[in-house]
Amino acid sequence: IQEHLIPCLNAQKKAVLRALTNPPVPSTSERSAKGKGKVKAIEVDEDFDNATAYGQLKDLLEGTTMRNEGNSCLLLGPKGSGKTRLFERCLSEIAHSDSNAKPIVIRLSGWVQSNDRLALRQIAIQLAEETKEHSDDDETKHGQPIAENDDDNPFLDGSKLGDTGAEAGFSLPSAAHLPALIAELPKLNRPTIVLVDAFDLFSLHPRQALLYCLLDTVQACQSAQGNKGLAVVGLTSRVDVVSLLEKRVKSRFSGRILRVSNVPSEEGWLGIVRRCLLSPAALSPSNDETTESNVEEWTDLWTTNVEKFLADSATKQSIHETYSIVRDVRVLIRVFTPAIARLSPSQPFPTAAFLQRAMQSQRTRTPFTSLYTLPYPALCLLIASHHSDQKGHPVFNFEMLYEAFRVQLRASMAAPIQLNGTGIGMAFETLIAARIFVPAAAANLTTPKEFIKYRSVVEREDLKKAVEKAGQVSLKKWWNKS
Ligand SMILES: Nc1ncnc2c1ncn2[C@@H]1O[C@H](COP(=O)(O)OP(=O)(O)O)[C@@H](O)[C@H]1O
Ligand SMILES: [Mg+2]
């Protein structure tokens, strides 16, 4: 492309990369335009991007924010199907509608908060942040003193609870206060939404105390008066999650399960790609080089080329190949991100060949089918590495393997034939060069070569076949030893 369009290309790349971190939602016009074409297209589109679950979750959250209800539900779907995305979308929608009070949002994750104490601490911290912001707003409005803060946050009332978290600058609750504190949530001056990511992991906590308290409070909230509402949204990929709950916890759960699924078709995938690629570049008007006409020229050029790329049957083939293996949108993002980042003035537009290369780099290498053609010493080393693995040392260095080899030589008459150290050293190098032995730790310049740690990427079965195919009796005997 010409020089004057380079800033446009860079801006475009930036925009696309940003879009890839969170693919945009299909616009309604796009949806209805497609729907007109075929009846079937409507059906596919209908649940594209999990519109059903989206509607249900939004209703549920609005019940809490607008009508102060207590609500609980689970979003159930495979990893990467967009559960978190769906929740955040609903949330931003609710935050942008100015109908009611902005809810307090608390985000927990079973991966991080591995016990209830940590979870409680996290609730306290997030609550402190959320209520602080809020009362800062209040302060500017009504000129009230900051000391009011603590009234908002029952978790920080030091007089009620001991256990000072000095470094955090406020008192932290102890686990014994869990029920009392959670019960306070609906009494805050704004509705509260609690997101419980990896919901299933919380069921491993003793007595499922946190889940019990949350769900119990939700249930009590429905009948009680003067509450601001509480919603508990669990995210999980375990289909059997409800059966993990203890009876008393289960009985308090509303039983509402919203299903989230992966993008249901290849067209859906292509749609995501199109929306990402065609996201408008945000060109700063202050930039002199990018005059109006340049931008127009660029947009036309880019759009034409992207459409050409998407219409290319080779592109469709690549997408098809990947889609038939995995349906996770994250794979698509992982393929496109480096590909887009590599666009340059000499190669400014995505092409099918480009995509093919990017997808290739995401695949595993083909299995080792010709191991048996390796030289004899290399096979010896592979067998030694295998024995090392069997003994619980998957990571080894040259010395270890060579030692194993020498021991074997001494111990048995049917030993591998005598080899000198250099021959075997060269075999080791060969295996490293073939990336059959890969470094197991970051290389350190001071480590002598024979002590650098490696591990073998060859599967047991592949090696077994190779040993048999190589047809050396001594190797077979060594292989069968141990
Ligand atoms: N239907 C979809 N359309 C566009 N992007 C999606 C879709 N589903 C998931 N993604 C993207 O995939 C990634 C993983 O989604 P995430 O919400 O974290 O999945 P989960 O929480 O279910 O594991 C995110 O970058 C998200 O934007
Ligand atoms: Mg998630």
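The values are calculated or read from the model by the stated rules, or taken from the named source; none is laboratory data. Keep in mind that what you see is a predicted model, and the values were worked out from it rather than measured. FYI the Cβ positions are ideal-geometry reconstructions off the backbone, even for glycines, and counts take in every protein chain you see. Calculation scope for accessible area: heavy atoms of the full protein, side chains included, ligands and nucleic acids excluded. Shrake-Rupley method; radii C 1.70, N 1.55, O 1.52, S 1.80 Å.
When PRO280, PRO206 are screened for being assigned by TED's automatic domain parsing to the domain that holds GLU130 and touching a residue at least 24 places away in the same chain (Cβ under 8 Å), only PRO206 passes. Residues in the range 290-306 include at least one that is among the β-branched types (Val, Ile, Thr), free of Cβ contacts under 8 Å to residues at least 12 places away in the same chain, in a loop (DSSP other than H, G, I, E, B) and open to solvent by 50 Å² or more (accessible area, probe 1.4 Å). Restricting the first member to the range 68-86 and to residues that are hydrophobic (A, V, I, L, M, F, W, C), and the second to residues that are open to solvent by 10 Å² or more (accessible area, probe 1.4 Å) and within 6 Å of ligand 1 (Cβ to nearest atom), the beta-carbon pairs closer than 6 Å and six or more apart or on different chains are LEU75/LYS83. Looking across LEU172, LEU161, one residue alone is modelled with pLDDT under 75, over 35 Å from the mean Cα position of the chain (by Cα) and of a type outside the set (Val, Ile, Thr). It is LEU161.
Out of the residues in the range 231-241 meeting the condition of being surrounded by fewer than 19 Cβ atoms within 10 Å (Cβ to Cβ) and in contact (Cβ under 8 Å) with a residue 24 or more places away in the chain, tell me which one is nearest to ligand 1 (Cβ to nearest atom). Spell out how you get there, then give the answer.
Here is the first cut: in the range 231-241, the residues surrounded by fewer than 19 Cβ atoms within 10 Å (Cβ to Cβ) are 237-241.
Those still in the list that are in contact (Cβ under 8 Å) with a residue 24 or more places away in the chain too: 237-239, 241.
On the way: SER237: 7, ARG238: 12, VAL239: 14, VAL241: 14 Å.
Per the criteria, the residue is SER237.
Of all the residues in the range 198-223, those that are in contact with a helix residue (DSSP H, G or I) (Cβ under 7 Å, 6 or more places away or on another chain), open to solvent by 10 Å² or more (accessible area, probe 1.4 Å) and within 16 Å of ligand 2 (Cβ to nearest atom) number 1.
Per-residue answers, yes or no, for (1) part of a helix (DSSP H, G or I); (2) at pLDDT 85 or above; (3) away from ligand 2 (no atom under 16 Å from the Cβ):
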{"residue": "LEU17", "(1), (2), (3)": "yes, yes, yes"}
{"residue": "PRO26", "(1), (2), (3)": "no, no, yes"}
{"residue": "LYS40", "(1), (2), (3)": "yes, no, yes"}
{"residue": "GLY63", "(1), (2), (3)": "yes, yes, yes"}
{"residue": "SER99", "(1), (2), (3)": "no, no, yes"}
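For LEU178, the conditions (1) open to solvent by less than 50 Å² (accessible area, probe 1.4 Å); (2) modelled with pLDDT of 85 or more are fulfilled apart from (2).
Within the option set SER114, SER109, SER92, being surrounded by fewer than 21 Cβ atoms within 10 Å (Cβ to Cβ), farther than 12 Å from VAL260 by Cβ and in contact with an Asp or Glu (Cβ under 9 Å, 6 or more places away or on another chain) holds for one residue only, SER109.
Here is a list: THR299, THR304, THR291, THR322. Which entry is within 16 Å of ligand 1 (Cβ to nearest atom) and farther than 30 Å from GLN56 by Cα? Walk me through how you get there before you give the answer.
Values: THR299 fails: within 16 Å of ligand 1 (Cβ to nearest atom); THR304 fails: within 16 Å of ligand 1 (Cβ to nearest atom); THR291 fails: within 16 Å of ligand 1 (Cβ to nearest atom).
Going through THR299, THR304, THR291, THR322 in turn, just one is within 16 Å of ligand 1 (Cβ to nearest atom) and farther than 30 Å from GLN56 by Cα: THR322.
If the condition is being within 16 Å of ligand 1 (Cβ to nearest atom) and either open to solvent by less than 80 Å² (accessible area, probe 1.4 Å) or free of Cβ contacts under 8 Å to residues at least 12 places away in the same chain (or both), then the range 334-356 contributes VAL335, PHE336, THR337, PRO338, ILE340.
I'd like the full set of residues that are open to solvent by less than 30 Å² (accessible area, probe 1.4 Å) and more than 17 Å from LYS102 (Cα to Cα), limited to the range 72-89.
The initial filter retains those residues of the range 72-89 that are open to solvent by less than 30 Å² (accessible area, probe 1.4 Å), namely 72-77, 80-83, 86-87.
The answer is SER72, CYS73, LEU74, LEU75, LEU76, GLY77, GLY80, SER81, GLY82, LYS83, LEU86.
Take LEU91 and decide whether it is touching a strand residue (DSSP E or B) at 6+ places or on another chain (Cβ under 6 Å) and within 15 Å of ligand 1 (Cβ to nearest atom). No; evaluated as a whole, the condition is false for this residue.
Going by the conditions given, is VAL331 of a type in the set (A, V, I, L, M), surrounded by fewer than 18 Cβ atoms within 10 Å (Cβ to Cβ) and not in a helix (DSSP H, G or I)?
no
Considering each residue of the range 391-402 in turn, at least one proves to be surrounded by 12 or more Cβ atoms within 10 Å (Cβ to Cβ) and hydroxyl-bearing (Ser, Thr, Tyr).
So which residues in the range 335-364 are touching an Asp or Glu at 6+ places or on another chain (Cβ under 8 Å), under 25 Å from GLU3 (Cα atoms) and either outside any loop (DSSP other than H, G, I, E, B) or among the hydrophobic types (A, V, I, L, M, F, W, C) (or both), if there are any at all? ALA352 - this is the single residue of the range 335-364 that is touching an Asp or Glu at 6+ places or on another chain (Cβ under 8 Å), under 25 Å from GLU3 (Cα atoms) and either outside any loop (DSSP other than H, G, I, E, B) or among the hydrophobic types (A, V, I, L, M, F, W, C) (or both).
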